[in-house]
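The structure under discussion appears below in the form of structure tokens.
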Amino acid sequence: MSNSGRKKPTLVADKRYTKAPAKPKPKATKPKPRVTKRKAAPKKRGLIGWILFPFIWTLRLIWRLTWRITAVGAILLAAAVAYTYAQLPPVEQLLDGRTRGSVTLLDRENVVFSWRGDNFGGAIRAESVAPALKNAVVATEDKRFYWHLGISPRGIASAMRINMREGRKPWKGNGGSTLTQQTAKLLCLGVAFDPTKWKNETEYEADCRRTTLARKGKEALYSMAMEAKYSKNDILSIYLNRAYLGGGARGFEAAAQLYFGRSAAQVSIPEAAMLAGLLKAPSVYSPTNDLQRAQDRAATVLKLMREQDYITSADEAAANVAPATLSKAAQARAGGYFVDWVMDTAPGFLSSETTEDVVIRSTFDTQLQKAAEDALDYIFENKVSKSSKAQAAIVVMSADGAVRAMVGGRQSKVSGAFNRAVQAKRQTGSAFKPFVYAAAMDLGFQYDSVVEDKKICINTPGSGNWCPENYTRNFKGDMTLTDALAQSINTVAVSVSEAVGREKVRDVAERFGIDNELADGPALALGASESTLLEMTGAYAGILNGGRAVSPYGIRELRLKGDSDPLLGQDGGYGERVITESAANQLTYMMFRAVNDGTGKRAKLDDREVAGKTGTTSAAKDAWFIGFTAQYVVGVWMGYDDNTPLKGVTGGGLPADIWRETMTRVTSGLSAEPLPMIRPAKPPRVSRPEPVQQPQVAQRPRGHGNGQQNLENVTEQIIRDVGSLLGKLLGGN
């Protein structure tokens, strides 16, 4: 059948795959409107808000600026520290930073007794010194040393507070410096000594120690660079080697040797505390200046060490019971005047200005120095008023001019003080008379030649007649030269000087070593000229040794430290012969009589022969006694620095007492040797019942004993010449 008349259906292919029924679409929803946060409306500040607003705004601005500036500053600081860090040398180059060397002085036994210059003692390390010393320094100077980075803000703030409380500027006084900062200051912030900029090291160091805000800033910068470059032990090592501890000691090694006679590696707890105590003020707390004060300061250091647990309470108690004491050499502090003199006599480039370490072997005798110092102290304590300001000086010398001891004033333990034995030029008085008689002896006068003690007057151009007087204000008539010297008769000395000629007397005195401008007038014979005690003692040594001049000396050998060959050397001070040995032996006998029977009786020794001569100047401004035994010559001077006259003192008084006390100690234990002198069978004596007083120009000596005819012949021409000269003077020509 057909479907005619109907619409045919559309053909559709069969679906091969079935499809899951589609989910119904959700109903469309309106998108949520976008919520935008709206700025909260500013709160109403109110009255207080408006008042505080400017301050709050300012603080916020400051904070924003501060952290930015701080960041920039930190960067710049880091750059500066890095630059300084790069400039720092190896630590080994910083241990010995002296610009000058040292002089070590050995006595005649080759034992060290003094130092000058910057004594170093050798480089040390913090690891090698005694632990007690290392701990004492840290406890005293910087207890936070091991924890800070070079500076201590807390310490600086504390120091500024103390300074302002005491009325000083914040940076004046207490500095609050760390140990690292102190080390930086010792290094002068890396600025080396420049002789074209600074006159000397003292001026250089003073400049380094200046305290200003700018310099403190540089110091802090340098300290931080050191902390970055070196270890704590390195910094401490530099400090231990560089610190000045008094007495010329640079560093703790030199100080330990100076004060205790041992190495810094061997010091005990009490010694370490005393050394650390010096850092505050080396001159004030120096144990050689005041041992008790140094021990008290050490007790303070011990307390700090105990509080910081470096030592126990038992250690502190033991150290306080047995505090540190000085070595024997340091206790003596011997020879300050002697050392100053030696330093002046040595070439400057090898002594006071040396850049090397020098060793000097000297003539100094520590025992004789102590003998002289003790003698002087004894006399001033027992025979001189406590309020007296009089001074004295002593020189002890061998016959060849070697100076064994020297005291330049009553305060013996000094350095750099005025040395009255060397620097004081004083009139010699009758101590000069031996040179008048030495000239006479050399021309043929004899010890027993007779000259009449009578009033004499000599016309001096511009002054008229000059008439010398004797101390006793009378005249004794005929007397031998021996008695005239023993009794210190002025008129006879002048007569003999005029007879032999002043030029001859001056020549003899100068050749014996009195290197000063001697008087031209007749008062030359009475010691109107000036001289030093050292020169006079050296001249008397020439009489003792038989008439040869000597040059006083104190240096036997000078060499550089570590070298075996000396740069300078001297075996003795003998010079040319001045008078004959016979004349010297006669003169020694005359001076022996001056002590035994004359003005020098208070200088007599019970166990040995002594020769010497007193001297007292006009108005007793100076009093002398110089004499000798067979082994030593000792010279003593006494007077006031301002030329105030001595009261009741002559050369035969206190100076003779000082001489006797000195020589008694000097010769203790030495065998008694005879003086090199003539020994007459019977001492010659000539006297007259009544002294005659009449003007006389010069007197002709009348000889006694052997050599009389020769004496007459020699002196006849001299007297004629002198008489002619004086005649011209008296005639006004």
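The values are calculated or read from the model by the stated rules, or taken from the named source; none is laboratory data. Keep in mind it's a predicted model, so treat the numbers as computed, not measured. Ideal geometry is used to build each Cβ from the backbone, glycine not excepted, and the neighbour counts take in all protein chains shown. The area values use the complete protein model at the heavy-atom level, side chains included, leaving out ligands, DNA and RNA. Shrake-Rupley method; radii C 1.70, N 1.55, O 1.52, S 1.80 Å.
Can you tell me which residue among TYR244, TYR204 is closer than 23 Å to PHE120 by Cβ and in contact (Cβ under 8 Å) with a residue 60 or more places away in the chain? If you could, list the steps in order and put the result at the bottom.
Details: TYR244 fails: in contact (Cβ under 8 Å) with a residue 60 or more places away in the chain.
Result: TYR204 is the single residue among TYR244, TYR204 that is closer than 23 Å to PHE120 by Cβ and in contact (Cβ under 8 Å) with a residue 60 or more places away in the chain.
List the number of the failed condition for LEU221; all other conditions in (1) surrounded by fewer than 17 Cβ atoms within 10 Å (Cβ to Cβ); (2) in contact (Cβ under 8 Å) with a residue 60 or more places away in the chain hold.
Here LEU221 meets the rest and fails (1).
Looking at the range 664-688, which of the residues that are over 46 Å from the mean Cα position of the chain (by Cα) and modelled with pLDDT of 90 or more is surrounded by the most Cβ atoms within 10 Å (Cβ to Cβ)? Break it down stepwise before answering.
At the first step, the residues of the range 664-688 found to be over 46 Å from the mean Cα position of the chain (by Cα) are 679-688.
Adding the requirement that they be modelled with pLDDT of 90 or more leaves 679-680.
Values: ARG679: 9, PRO680: 14.
The residue in question is PRO680.
Of all residues in the range 628-644, how many are open to solvent by 30 Å² or more (accessible area, probe 1.4 Å) and within 18 Å of VAL396 (Cα to Cα)? Full working, then the answer.
Within the range 628-644, the first condition is being open to solvent by 30 Å² or more (accessible area, probe 1.4 Å), and the residues that meet it are 631-632, 640-644.
Keeping just the survivors that are within 18 Å of VAL396 (Cα to Cα) gives 631-632.
The total comes to 2.
Please determine whether any residue of the range 401-422 is under 30 Å from SER529 (Cβ atoms), surrounded by fewer than 20 Cβ atoms within 10 Å (Cβ to Cβ) and more than 24 Å from the chain's Cα centre (by Cα).
no
Out of the strands (runs of 3 or more DSSP E) lying entirely within the range 437-529, which hold 1 or more residues that are surrounded by fewer than 24 Cβ atoms within 10 Å (Cβ to Cβ), of a type outside the set (Val, Ile, Thr) and free of Cβ contacts under 8 Å to residues at least 12 places away in the same chain?
On the way: elements: 450-453, 458-460, 464-466, 477-480.
Passing ranges, in order: 464-466.
Just for the range 283-299: of the residues that are more than 25 Å from ALA317 (Cβ to Cβ) and open to solvent by 30 Å² or more (accessible area, probe 1.4 Å), which one is farthest from the chain's Cα centre (by Cα)? Steps first, answer last, please.
Initially, the range 283-299 is screened for residues more than 25 Å from ALA317 (Cβ to Cβ), giving 283-284, 286, 288-289.
Filter once more, so that each one left must be open to solvent by 30 Å² or more (accessible area, probe 1.4 Å): 283-284, 288-289.
Details: SER283: 12, VAL284: 15, THR288: 12, ASN289: 12 Å.
Top of the filtered list is VAL284.
Can you confirm whether the range 207-217 contains a residue that is more than 30 Å from the chain's Cα centre (by Cα), surrounded by 14 or more Cβ atoms within 10 Å (Cβ to Cβ) and at pLDDT below 90?
Our first condition is that a residue be more than 30 Å from the chain's Cα centre (by Cα); within the range 207-217, this holds for 212-217.
Right, trim to surrounded by 14 or more Cβ atoms within 10 Å (Cβ to Cβ) and you get 215-216.
Imposing the further condition that a residue be at pLDDT below 90 reduces the set to 215-216.
Yes, some residue in the range 207-217 is more than 30 Å from the chain's Cα centre (by Cα), surrounded by 14 or more Cβ atoms within 10 Å (Cβ to Cβ) and at pLDDT below 90.
Identify all residues within the range 81-114 that are open to solvent by less than 50 Å² (accessible area, probe 1.4 Å), within 18 Å of ALA249 (Cβ to Cβ) and assigned to a loop (DSSP other than H, G, I, E, B); write none if there are none.
LEU95, GLY97, THR99, GLY101, listed by residue number.
Pick from the range 207-240 the residues that are in a helix (DSSP H, G or I) and small (Gly, Ala, Ser): which of them is farthest from VAL81 (Cα to Cα)? Let's see the steps before the verdict.
Going through the range 207-240, the residues in a helix (DSSP H, G or I) turn out to be 207-208, 213-229, 232-240.
Okay, now just the ones that are also small (Gly, Ala, Ser), so 214, 217, 220, 223, 225, 228, 237.
Working: ALA214: 16, GLY217: 12, ALA220: 10, SER223: 9, ALA225: 5, ALA228: 9, SER237: 21 Å.
Result: SER237.
Among the residues of the range 247-267, write down those that are of a type in the set (S, T, N, Q) and touching a residue at least 24 places away in the same chain (Cβ under 8 Å).
Of the range 247-267, the ones of a type in the set (S, T, N, Q) are 257, 263, 266.
Once the filter is applied, which keeps residues that are of a type in the set (S, T, N, Q) and touching a residue at least 24 places away in the same chain (Cβ under 8 Å), the range 247-267 yields GLN257, GLN266.
Yes/no matrix, rows are residues, columns are (1) modelled with pLDDT of 95 or more; (2) polar (S, T, N, Q); (3) open to solvent by 30 Å² or more (accessible area, probe 1.4 Å); (4) within 23 Å of ARG116 (Cα to Cα):
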residue: PRO347; (1), (2), (3), (4): no, no, yes, yes
residue: LEU350; (1), (2), (3), (4): no, no, no, yes
residue: GLU353; (1), (2), (3), (4): no, no, yes, yes
residue: THR366; (1), (2), (3), (4): no, yes, yes, yes
residue: LEU376; (1), (2), (3), (4): yes, no, no, no
residue: SER385; (1), (2), (3), (4): no, yes, yes, no
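The conditions are (1) of a type in the set (S, T, N, Q); (2) closer than 26 Å to GLY572 by Cβ; (3) without any contact (Cβ under 8 Å) to a residue 60 or more places away in the chain, and SER387 fails exactly one of them. Which is it?
Every condition holds for SER387 apart from (2).
List pairs: first in the range 533-545 and farther than 20 Å from GLY639 by Cα, second basic (Lys, Arg) and surrounded by 24 or more Cβ atoms within 10 Å (Cβ to Cβ), Cβ under 9 Å, 6+ apart or cross-chain?
Within 9 Å, the pairs are TYR540/LYS613.
Name, by its number, the condition in (1) under 23 Å from THR580 (Cα atoms); (2) open to solvent by 10 Å² or more (accessible area, probe 1.4 Å); (3) in a loop (DSSP other than H, G, I, E, B); (4) of a type outside the set (Val, Ile, Thr) that does not hold for SER430.
(3)
Sort out for me the strands (runs of 3 or more DSSP E) sitting completely within the range 542-627 that have 2 or more residues that are farther than 17 Å from PHE435 by Cβ and open to solvent by 40 Å² or more (accessible area, probe 1.4 Å).
On the way: elements: 548-550, 555-560, 574-577, 611-616.
In the range 542-627, 555-560 are the strands (runs of 3 or more DSSP E) which contain 2 or more residues that are farther than 17 Å from PHE435 by Cβ and open to solvent by 40 Å² or more (accessible area, probe 1.4 Å).
Would you please name the residue that is farthest from VAL395 (Cα to Cα), looking only at residues in the range 597-627 that are under 31 Å from the mean Cα position of the chain (by Cα) and of a type outside the set (A, V, I, L, M, F, W, C)? Don't jump to the end; show me each part of the working.
We begin by selecting, within the range 597-627, every residue under 31 Å from the mean Cα position of the chain (by Cα); these are 621-627.
Still in the list and also of a type outside the set (A, V, I, L, M, F, W, C): 621-622, 627.
Numbers: LYS621: 20, ASP622: 16, GLY627: 11 Å.
So, considering only residues that are under 31 Å from the mean Cα position of the chain (by Cα) and of a type outside the set (A, V, I, L, M, F, W, C), the one farthest from VAL395 (Cα to Cα) is LYS621.
Taking the range 168-206 as the region of interest, how many residues are polar (S, T, N, Q), part of a loop (DSSP other than H, G, I, E, B) and at pLDDT 75 or above? Break it down stepwise before answering.
Initially, the range 168-206 is screened for residues polar (S, T, N, Q), giving 174, 177-178, 180-183, 196, 200, 202.
Then keep just the ones that are part of a loop (DSSP other than H, G, I, E, B); that gives 174, 177-178, 196, 200.
Imposing the further condition that a residue be at pLDDT 75 or above reduces the set to 177-178, 196.
Residues in the range 168-206 being polar (S, T, N, Q), part of a loop (DSSP other than H, G, I, E, B) and at pLDDT 75 or above: 3 in total.
I'm told PRO655 meets every condition in (1) more than 33 Å from the chain's Cα centre (by Cα); (2) at pLDDT 95 or above; (3) not charged (D, E, K, R) except one. Can you identify the failing condition by its number?
Condition (1) is where PRO655 drops out.
For LEU77, all conditions in the list (1) surrounded by 10 or more Cβ atoms within 10 Å (Cβ to Cβ); (2) part of a loop (DSSP other than H, G, I, E, B); (3) at pLDDT below 80 hold save one; what is the number of the exception?
It fails just one condition, (2).
For the range 335-344, state whether one or more residues are out of contact with any helix residue (DSSP H, G or I) (no Cβ under 8 Å at 6 or more places or on another chain) and exposed (fewer than 15 other Cβ atoms within 10 Å of the Cβ).
yes
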